[in-house]
1. I'd like the full set of residues that are more than 26 Å from residue 139 (Cα to Cα) and either open to solvent by 90 Å² or more (accessible area, probe 1.4 Å) or of a type in the set (A, V, I, L, M, F, W, C) (or both), limited to the range 72-99.
2. On the given criteria, is residue 58 within 15 Å of residue 123 (Cα to Cα), open to solvent by 40 Å² or more (accessible area, probe 1.4 Å) and modelled with pLDDT under 95?
3. Just need a number here: residues in the range 110-119 that are modelled with pLDDT of 90 or more and either of a type in the set (Lys, Arg) or surrounded by 18 or more Cβ atoms within 10 Å (Cβ to Cβ) (or both).
4. Hey, could you check the range 60-107 for residues that are basic (Lys, Arg) and without any contact (Cβ under 8 Å) to a residue 40 or more places away in the chain and say which is nearest to residue 118 (Cα to Cα)?
Amino acid sequence: MTECLTQRPKGGPLSSPLSHLPPVTYNLLMRTTTRIPGVIIRQMRIEDYDQVSSLWHGAREVRVYTSDSRKSIERFLVMNQESCFVADTEGQVVGTILGGFDGRRAYIYHLVVEGEQRGRNIGSALLEKTITALKAKGVDKAHIFVPIYNNRHSLAFTGARIGTGSLPPCG
């Protein structure tokens, strides 16, 4: 089960003073990409699938479904190549994000950073890259799926900090 930024909490509307803005935009679109030593953020290729799948299976934050099969991801990449990224360190995939756009709204899935690489802003860089790519496609509304069983990350995206106008760094 997942939540998205546009989901309303029980008892009423989002309390954010920025709730009139499209989800996920806030000040993330104002940032410039920070270089992370030893890490290249690049478009995901189907050749990355084995490493990506392994990363997803090892991450507590992501549930892997049949829709995450090689065939399904290959189809997804054909339609959304410019908004799906990996973080690469010397040929090793250490982070992933999938961004998809169906012509109406965007969805962001599987933002994962390998445990030892967390705290280096890799997740933030992946998210920023995807948002920039989606914005270039004309996206004005996006949903980020964050598992509710992952309390720390779920609260970071859906909790009170949304009201500050910025999302906390990921990974």
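1. 90, 92, 93, 94
2. Judged against the criteria, residue 58 is not a match.
3. Of the residues in that region, 6 qualify.
4. Only one residue tops the list, namely 70.
The values are calculated or read from the model by the stated rules, or taken from the named source; none is laboratory data. Keep in mind that what you see is a predicted model, and the values were worked out from it rather than measured. As a convention, Cβ positions derive from the backbone with ideal geometry for all residues, glycine included, and neighbour counts pool all protein chains shown. For the accessible areas, the whole protein counts, side chains as well, though only heavy atoms, and no ligand, DNA or RNA atoms are used. Shrake-Rupley method; radii C 1.70, N 1.55, O 1.52, S 1.80 Å.
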